[in-house]
Amino acid sequence: MTGLVIIAFLLDLLVGDPYSWPHPIKIIGNFIDWFQKSFTQTKNEKERYRWGIVLWFVTVLGSGAVTYLILRLGFLVHPLLGNLCYIYLAYTTLAIKSLSSEGQKVYQKLVNESLKSARQQVAMIVGRDTNELTKEEITKATIETIAENTSDGVIAPLLCLFIGGPTLAMMYKAVNTLDSMVGYVTPKYRAIGWFSAKMDDLWNFLPARMTWLYLLVATKFLQLNTSNALRVGKRDCRNHKSPNSGYPEAVVAGALGIQLGGTHLYHGVEIYKPTIGVPLRSPQPKDILTTNALLYTTAVLSLIVFSVLSIVINNYLL
């Protein structure tokens, strides 16, 4: 199925995620919203923890089961239909162009429009409160999001596709979507999202570290500051409340020579975060474009490595 994954990858590069197209992640997000409204409104803290665990298992296993059934039915009807279902479902788990496009939109707002419009645009891709962010803070927030999601939106689902096809990749996207929607330490989500946050940490452990390596290689291809990326990447990769997000962010911060991280407001609550990187200079909007270049280079590198490994394992080791 390596060829089908490559086609899905190319499809994502070409068209991204048009808002009007049906998308499984939207369905997963709507289900999570419905579940919260229906079952997690209790004021009993222990019950909210229990419902949070139920939410995770129902969402993740349900996403995998539905994906498996769609593929199974598709291949039963006709191999061509099965392949088309495989490609489309695989494509929806990748977010290379959409992530790049969102970063590009923030860049355009920063350069060509008002600070207010840039705040509104960056609010589309970050969880922190954006109403009071400065131009520099908007730039840093965008860079952090692209860097972190190079792992969450590209390397991790791509790795899952090569290991377990769209079924495993869709389960991963459910894990990731749960974390992005309920995995906060604020009073509203602390209980319901605790299990989702922990599972997201577990599922992203390996992909985050692989992304660290791919990003480091990408800095060399793009002639960025690879030595500083390595130095900061090794020193600051754990300077994050998440055990995984600091890995890609540290390499990017080092490659750009800027400082990321720091304390921000989330849902009105101030959340402390360590800083990452040495501020050799102030972040500039153009750094968003450089981070996008790192995203694309890392994505292509990972596709090549995963494809070669898949071919070798399937043809010579199995």
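Below are the figures for this structure:
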| read-out | value |
| --- | --- |
| Exclusive hit being under 22 Å from the mean Cα position of the chain (by Cα) and either modelled with pLDDT of 95 or more or assigned to a helix (DSSP H, G or I) (or both), set SER20, SER98, SER38 | SER98 |
| Hey, PRO279 part of a loop (DSSP other than H, G, I, E, B) and in contact (Cβ under 8 Å) with a residue 60 or more places away in the chain or not | no |
| Qualifying residue in the range 151-165 (condition: open to solvent by less than 50 Å² (accessible area, probe 1.4 Å), on the phi > 0 side of the Ramachandran plot and in a helix (DSSP H, G or I)) | yes |
| Flag for ILE143 being of a type outside the set (Asp, Glu), surrounded by 24 or more Cβ atoms within 10 Å (Cβ to Cβ), in a helix (DSSP H, G or I) and more than 13 Å from the chain's Cα centre (by Cα) | no |
| When residues of the range 220-243 are limited to those that are within 20 Å of the chain's Cα centre (by Cα) and of a type in the set (S, T, N, Q), the one most open to solvent (accessible area, probe 1.4 Å) | ASN239 |
| Residues (modelled with pLDDT of 90 or more and not in a helix (DSSP H, G or I)) located in the range 241-276 | PRO243, ASN244, SER245, GLY257, ILE258, GLN259, LEU260, THR275, ILE276 |
| Any pair with Cβ under 7 angstrom, 6 or more apart, that starts in the range 198-217 at a residue that is under 20 Å from MET171 (Cβ atoms) and ends at one that is among the small types (Gly, Ala, Ser) | ASP200/GLY183; ASP201/SER242; ASN204/SER151; ASN204/ALA156; PRO207/SER151; PRO207/ALA156; ALA208/SER151; THR211/SER151 |
| Residues (open to solvent by 20 Å² or more (accessible area, probe 1.4 Å) and part of a helix (DSSP H, G or I)) located in the range 72-85 | ARG72, LEU73, PHE75, LEU76, VAL77, PRO79, LEU80, LEU81, ASN83, LEU84, CYS85 |
| Check on THR93, of a type outside the set (A, V, I, L, M, F, W, C), touching a Lys or Arg at 6+ places or on another chain (Cβ under 6 Å) and under 30 Å from LYS188 (Cβ atoms) | yes |
| Residue list for the range 285-299, filter: open to solvent by 10 Å² or more (accessible area, probe 1.4 Å) and either touching a Leu at 6+ places or on another chain (Cβ under 7 Å) or more than 20 Å from SER101 (Cβ to Cβ) (or both) | PRO285, THR290, ALA293, THR297 |
| Options GLY62, GLY52; residue that is surrounded by 19 or more Cβ atoms within 10 Å (Cβ to Cβ) and either of a type in the set (A, V, I, L, M) or under 30 Å from ARG190 (Cα atoms) (or both) | GLY52 |
| Members of the range 103-140 that are without any contact (Cβ under 8 Å) to a residue 60 or more places away in the chain and buried (at least 24 other Cβ atoms within 10 Å of the Cβ) | ALA118, VAL122, ILE138 |
| Residue within the range 2-22 that is among the hydrophobic types (A, V, I, L, M, F, W, C), open to solvent by less than 80 Å² (accessible area, probe 1.4 Å), under 28 Å from SER196 (Cα atoms) and without any contact (Cβ under 8 Å) to a residue 60 or more places away in the chain present | no |
| Residue in the range 226-233 that is within 30 Å of VAL54 (Cβ to Cβ) and in a helix (DSSP H, G or I) present | no |
| Members of the range 101-137 found to be under 18 Å from the mean Cα position of the chain (by Cα) and among the charged types (D, E, K, R), listed by number | GLU102, LYS105, ARG128 |
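Condition check ((1) in contact with a helix residue (DSSP H, G or I) (Cβ under 6 Å, 6 or more places away or on another chain); (2) open to solvent by 40 Å² or more (accessible area, probe 1.4 Å); (3) under 19 Å from GLY127 (Cβ atoms)) across all residues:
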position: SER245; (1), (2), (3): yes, no, yes
position: PRO248; (1), (2), (3): yes, no, yes
position: VAL252; (1), (2), (3): yes, no, yes
position: GLY261; (1), (2), (3): no, no, yes
position: GLU270; (1), (2), (3): no, yes, yes
position: ILE276; (1), (2), (3): yes, no, yes
position: LEU301; (1), (2), (3): yes, no, no
position: VAL312; (1), (2), (3): no, yes, no
position: ASN315; (1), (2), (3): no, yes, no
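Results for (1) closer than 26 Å to GLN104 by Cα; (2) modelled with pLDDT of 95 or more, shown as yes or no for each residue.
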residue	(1), (2)
ALA123	yes, no
GLY127	yes, no
ILE155	yes, yes
PRO166	no, yes
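The values are calculated or read from the model by the stated rules, or taken from the named source; none is laboratory data. Not measured: the values here are computed from a predicted model. Using ideal geometry, Cβ is built from the backbone for each residue, glycine included, and neighbour counts are taken over all protein chains shown. Only protein heavy atoms, including side chains, enter the accessible area calculation; ligands, DNA and RNA are left aside. Shrake-Rupley method; radii C 1.70, N 1.55, O 1.52, S 1.80 Å.
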